[in-house]
Amino acid sequence: MAIKAMDLFEAFAQEKLPKDKAYIVSSFINGNTGYSIYEVISYSGVKAIYPDGAGLTFQSSGKKLHLLLEPASYPQKGTEPYLRDKTDQIPLRFSELDLITAKNQVKIYIGKKPNDSLSSFTIAKPSGFNVSFVFYDLPDLYSTMALFFEKSFNKDAGVPQADAKKASEKVAKTLEATMAFKADFGD
């Protein structure tokens, strides 16, 4: 059976990082509050991948989609996400995000469209509760990613199961519609 996903840095060490058509999902989870940021990067046509300080740099164009999970008790909930403290910041306004509010009042913000990452991007080595995974371009890619997000939203951010499933399906549809290795990547 083919590997569907793998820890990014382990895949690099084992020389199993695809040079063409893959997704990288990184999470930045505050273990004390549940405030969580996810970055999803699609890339294709990699020229080089190399260690750079505390991360991996990819010489490749890509697209990056941001997700944000905000607990009900978050004190800056009225502040635009791009204006928040550095550790809580994503480069988007509320108007650029779709919102799902869970039964327990956790707000799940999903970028409406990805940002372009031109020429290169760097993925920091995760620490604490954070993870970085590479997802391989297989026929069930989007259902695999939806399952990952559903479990992470539920277990890591405390989103009730039904809401985690609904949000993860929305994420997978957004990824497939806006980042699916079509025209922009030369398919």
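The values are calculated or read from the model by the stated rules, or taken from the named source; none is laboratory data. All figures in this text were calculated on a predicted structure; none of them were measured in a lab. Positions of Cβ are backbone-derived with ideal geometry, glycine not excepted, and every protein chain shown enters the neighbour counts. These area figures cover heavy atoms from the full protein model, side chains too; ligands, DNA and RNA do not enter into them. Shrake-Rupley method; radii C 1.70, N 1.55, O 1.52, S 1.80 Å.
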Worksheet, complete the sentence: Computed over the chain: longest principal axis from alpha-carbon atoms vs helix 161-178 long axis, angle to nearest 10 degrees, is 40
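Checking the table Lys47/Lys166; Lys19/Lys151; Lys86/Lys151; Lys16/Lys77 against a 32 Å threshold on Cα-Cα, which pairs fail?
Working: Lys47/Lys166 37 Å; Lys19/Lys151 27 Å; Lys86/Lys151 26 Å; Lys16/Lys77 40 Å.
Checking Cα-Cα distances, Lys47/Lys166; Lys16/Lys77 exceed 32 Å.
Rank Glu15, Glu10 by accessible area, highest first, at a 1.4 Å probe radius? Don't jump to the answer; show the numbers that get you there.
Working: Glu15 165, Glu10 90 Å².
Reading off the accessible areas and sorting them downward yields Glu15, Glu10.
Let me check something: with ligands and nucleic acids excluded, how do Lys16, Lys63, Lys173 order by accessible area (1.4 Å probe), largest to smallest?
Details: Lys16 90, Lys63 25, Lys173 140 Å².
So, going from the largest accessible area down, we get Lys173, Lys16, Lys63.
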Worksheet item: Considering only the other residues whose Cβ falls under 13 Å of the Cβ of Pro75, what net charge follows from Lys and Arg at +1 and Asp and Glu at -1?
Response: -1
Item to complete: Would you please give the residues with an amide H less than 5 Å from that of Leu92, counting only those at least 5 places away or on a separate chain, with H modeled from the backbone geometry?
Response: Tyr82
Practice prompt. Could you name the aspartates and glutamates whose alpha carbon sits less than 17 Å from that of Lys173, not counting residues in the same chain fewer than 8 places away?
Written response: Glu39, Glu96, Asp98, Asp137, Asp140, Glu150, Asp163
Worksheet item: Residues with beta-carbon under 15 Å from that of Ser132, excluding Ser132: net charge, scoring Lys, Arg +1 and Asp, Glu -1?
Response: -2
Worksheet, complete the sentence: Per residue, the convex hull enclosing the alpha carbons of the range 29-187 has a volume in Å³ of 116
Worksheet entry | Residues whose placed amide H lies under 5 Å from that of Ala22, excluding near-sequence neighbours | Tyr43
Worksheet entry | Estimated vicinal HN-Hα couplings, Hz - the range 138-152 in sequence order (Karplus 6.51, -1.76, 1.60; Gly, Pro = x) | 10, x, 9, 3, 6, 6, 5, 5, 4, 5, 4, 5, 4, 5, 5
Worksheet, complete the sentence: Residue by residue through the range 22-30, the couplings from Karplus 6.51 cos²θ - 1.76 cosθ + 1.60 with θ = phi - 60°, in Hz, x for Gly and Pro, are 8, 10, 10, 10, 10, 10, 10, 10, 7
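Please work out the average accessible area per residue across the range 5-179, using the 1.4 Å probe convention, and give it in Å². Kindly include the intermediate steps, with their values, before the conclusion.
On the way: 8400 Å² over 175 residues.
It amounts to 48 Å² per residue over the range 5-179.
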